[in-house]
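The values are calculated or read from the model by the stated rules, or taken from the named source; none is laboratory data. Because the structure is a prediction, the values reported are computed rather than measured. All Cβ positions, even for glycine, are placed from backbone atoms using ideal geometry, and neighbour counts span all protein chains on display. All accessible areas refer to the heavy atoms of the entire protein, side chains included, with ligands and DNA or RNA removed. Shrake-Rupley method; radii C 1.70, N 1.55, O 1.52, S 1.80 Å.
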Amino acid sequence: IDLDFKHNKLFIKSKGTVLTNDIQLDAEMKNRLIAPFVVDNVNIKVSDLDVNKITDKLRDFEAEATRKPTSQMNSTQEIDMSQLVVNNANIQADKIKIRNINSDNFTAKLKLNNKKILDVEQFKFDIAQGSVFGKLQHNLNNHRTELDIHLNDANASIMSEALFDLKGQVYGLVDGNFILNCSGDTQDKCFKTLSGNGNFKISDGRMPKLGS
């Protein structure tokens, strides 16, 4: 880790492993030793980004912060996520895994405010020979997630198998738009409360079990 203190700013450059992911980090934060810890700008580059592991670790952070007040946290313990504010973050990843889906060329721009609202203003990645882009907001207090997502020219067979375990049942190219929300501190709870609306179109497609 390379630290450069300049007046009221702290500049950080680092290579290492964070939340089980190898990363390269370049950050600028306010030079202060009291909470909240404010990161003004951060750029993160990752070779392989496993969102599943990050989500699990964030839930562990939240659970620990709930069980133990900040005053009881000492310097040897992990950072209390409720005391972290990120004004601007840019993330790039060569490969990314979300649930059972593997994708490439991930980019995202996000913020984390002092009310523990994670706001992913824009994200994009290549998946199933197509692309996905959209925005997401997650409340770390009540675990509510809101997602606005758009799918462009994705392989229907790959998507249906990865998301719904429907192997060899749908073929073609998928375009779709979805606005979804859920509440829950686990993926299972989130799927049980999932609601929203959307539409999709399959071009040059067929469904063998229906005789097409």
If you take the residues in the range 114-126 that are open to solvent by less than 60 Å² (accessible area, probe 1.4 Å) and either of a type in the set (S, T, N, Q) or assigned to a strand (DSSP E or B) (or both), which one is farthest from residue 166 (Cα to Cα)? 117
Restricting to the range 134-171, count the residues that are assigned to a strand (DSSP E or B), free of Cβ contacts under 8 Å to residues at least 40 places away in the same chain, polar (S, T, N, Q) and farther than 17 Å from residue 100 by Cα. 3
So, in the range 27-56, of the ones that are open to solvent by 70 Å² or more (accessible area, probe 1.4 Å) and part of a helix (DSSP H, G or I), which residue ends up modelled with the lowest pLDDT? 56
Where residues in the range 172-197 are touching a His at 6+ places or on another chain (Cβ under 9 Å) and of a type in the set (A, V, I, L, M, F, W, C), which of them is nearest to residue 98 (Cα to Cα)? 190
Please work out which residue is modelled with the lowest pLDDT, limiting yourself to the range 57-90 and to residues that are open to solvent by less than 50 Å² (accessible area, probe 1.4 Å) and in contact with a Lys or Arg (Cβ under 8 Å, 6 or more places away or on another chain). 81
Would you please name the residue that is modelled with the highest pLDDT, looking only at residues in the range 182-212 that are hydroxyl-bearing (Ser, Thr, Tyr) and over 23 Å from the mean Cα position of the chain (by Cα)? 203
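Yes/no matrix, rows are residues, columns are (1) open to solvent by 50 Å² or more (accessible area, probe 1.4 Å); (2) touching a Cys at 6+ places or on another chain (Cβ under 6 Å):
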site: 142; (1), (2): yes, no
site: 145; (1), (2): no, yes
site: 154; (1), (2): no, no
site: 157; (1), (2): no, no
site: 162; (1), (2): no, no
site: 175; (1), (2): no, no
site: 182; (1), (2): no, yes
site: 187; (1), (2): yes, no
site: 190; (1), (2): no, yes
